[in-house]
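Only one structure is covered here, and it is reproduced in the block below.
The values are calculated or read from the model by the stated rules, or taken from the named source; none is laboratory data. Just so it is clear, the structure is predicted and the values come from calculations on it, not from any experiment. Using ideal geometry, Cβ is built from the backbone for each residue, glycine included, and neighbour counts are taken over all protein chains shown. To get the accessible areas, we keep the full protein, side chains included, count just its heavy atoms, and leave off ligands, DNA and RNA. Shrake-Rupley method; radii C 1.70, N 1.55, O 1.52, S 1.80 Å.
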Amino acid sequence: MQDIKIFCNFVVKYIFTLYILMKNTIKYITLIIAIICLASCRDSKMLKQIDEIKAMGDTAPEKAMHALDSLRIQISKGNEYTRMKGMLLELRLRDKSYMIPVSDDSARTVMDYFTKNGTELDKQEAYYYAGSVYRDLNDTPKALEYFLKSEDTALKSKIRDSLLLRNTYSNLEFLLFHVQDYNETLKMAKKEYKISGEIGKTNFRTTMHVGEAYLRVDSIEEANNYFMMAEELLSPSNAEDCYSLLYDFSFVKNKKMADKLYKCIKKSNFLPSPSGEFALAQYFELIGNADSAIVVYDRILQSDYGVFNSYDAARFLFSIYEQKGDHDNSRKYANISMQLSDSVNFGKRQELAATVKNQFKYYKNVEEENRIKKENTKYQNWTWALIAIVLLISLTFALIYFYNKNKHLKEILRFNDKLGELQTEKEQMAGKAAKTEADYKRIKKSLDVSNVRLAEVTKEIERTEQELKTKEKLLSEKLEQNKRYLSLLHKADLEDKAEDVIQTIRSASEGKYRLSSADWQRLYHAVDKLQPDLMNKMMLHIGKFTEQQQQVCYLLSIGLTNAQIENLTDIPHVTVWRWVKRFNWIYNTDETAAPNRNA
């Protein structure tokens, strides 16, 4: 019996110790989880702000860039994913603001990170803006490579940015057009037009891309059809688009539409750009005014419009003089076009573009082969694993079956031995049962007496509990009355010390000090006592205000300077300076002053 007590005490102590250890461990785990959740919430808020700036950049990129600048310090303190999203957003905004990059460092950093750690949408966007950087750096092969990767990522993903994919096709069409791969240009232009229709973004430019691509593969009728559709989407106030369409209608010999556009341009007095000069020259050729066309092409050739435009102008001049039979001038401009062709180096560009496309297709094929091999290997491994599991289960069932069979035989023999012992015990128990029955009757009689006594005690307990509830109710009312009395005393004490609270805050503002929530509440109470109309003024002049704006107003009302306010709050210097200027109505006693809510 003593041994059982010792064992029970040991078990109780062990369980209690284990409970204490688990309780402390749970506290630490809860604290760690809370810290992680806090950091995660901060990064989630930052990512939400980044998405808001991203949406703003679609219509106001410069304003979005300023918003990003104000958020840089907070982004730099976030996790790696947040910092990379910030860098990617900067690439996006710089591209939309037409800011030419000077290097590809940021693009490579962002692309390397999201290739390993990003979602499919992140990868699509990172590849796209890497392609944009290399496009602006005039590295056509790398630009093509990353635009193709962006397209491939979008097409393989269940969730994709369709507008970004449309822009990817537009860039691929532009790059392939400038390396004179016109068949691929037409494919990309058609894809751009198709997805534009799917997302409801079909416009003048997407339609013109298809028409110009058809024009380059000598499909004049199809090109003219798309130019007619583009004319329906044309904005007459856009000079560049008008000149572009004039050039194309002149090229396909659609004189009726060319005349219409030329009249529109003359009426609007649009000044021609380089592309507009080409349009005028083409139109003059269409109407048989070769001399005017020559004047325009000469002007392009003499102007600093770039090597590509000079090359095209020399080529057209050669064609005109050749048709007129002026062989001296035709040879002259043939030589000029050959010299410019060496500068443009179309052959090298086409070779590089073709190399990139072939390499990309090769890597895609290798990637697909590796994927199939991995799947086959995975299926083979699963098959062998399944066979092994089936064999193991079968062997286990066989062992369990034979083990249970032997076990049952032993149990039967043991039960036979016990059966004799139980027969003997049965006879002994019969004698004991008779004696037990007599004891039972005696105990039952005693139990009946105890039940009667228990009923009396129960009634007494119920009466006592009723009295206790009544006393508890009276005590609760007394306690509530005391609380209200203490609250009134405390409020009176705070009001008497309003000036002391304000003086304490002023003293604290001389050094770096952060007020607690209780300190702020005491300050609010003290100022409200001395200036009861301050809150009404804030609602009149600001409208809906934040807690930080309330803090600045209350600190200004007790005469603190900008530097003192910064010492007591976490508000940046620039924000404090701006709010102090806007809250100058605090010092103005003229209540009729116009409220300014642009805080």
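Would you pick out the residues in segment 109-146 that are hydrophobic (A, V, I, L, M, F, W, C) and closer than 19 Å to Met99 by Cα?
The answer is Val110, Ala126, Ala130, Val133, Leu137, Ala143.
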(message) Return the residues of segment 313-338 that are under 20 Å from Ile287 (Cα atoms), open to solvent by less than 90 Å² (accessible area, probe 1.4 Å) and not hydrophobic (A, V, I, L, M, F, W, C); say none if nothing qualifies.
(response) Ser319, Tyr321, Glu322, Gly325
(request) Select from segment 195-215 the residues that are polar (S, T, N, Q) and open to solvent by less than 30 Å² (accessible area, probe 1.4 Å) and list them in ascending order. (result) Ser196, Thr206, Thr207
(message) Residues to consider are Gln564, Gln548; find the one that is within 20 Å of Arg522 (Cβ to Cβ) and open to solvent by 40 Å² or more (accessible area, probe 1.4 Å).
(response) Gln548
(request) Scan segment 75-93 and report the pairs whose first residue is without any contact (Cβ under 8 Å) to a residue 60 or more places away in the chain and more than 13 Å from Met111 (Cα to Cα) and whose second residue is open to solvent by 10 Å² or more (accessible area, probe 1.4 Å) and among the acidic types (Asp, Glu), with Cβ atoms within less than 6 Å and a gap of 6+ or a chain change. (result) Gly78/Asp43; Asn79/Asp43; Thr82/Asp43
(message) Could you go through segment 235-252 and let me know if any residue there is within 19 Å of Leu280 (Cα to Cα), open to solvent by less than 30 Å² (accessible area, probe 1.4 Å) and assigned to a loop (DSSP other than H, G, I, E, B).
(response) yes
(request) Tell me which residues, restricted to segment 146-192, are among the β-branched types (Val, Ile, Thr) and open to solvent by less than 50 Å² (accessible area, probe 1.4 Å). (result) Thr153, Thr168, Val179, Thr185
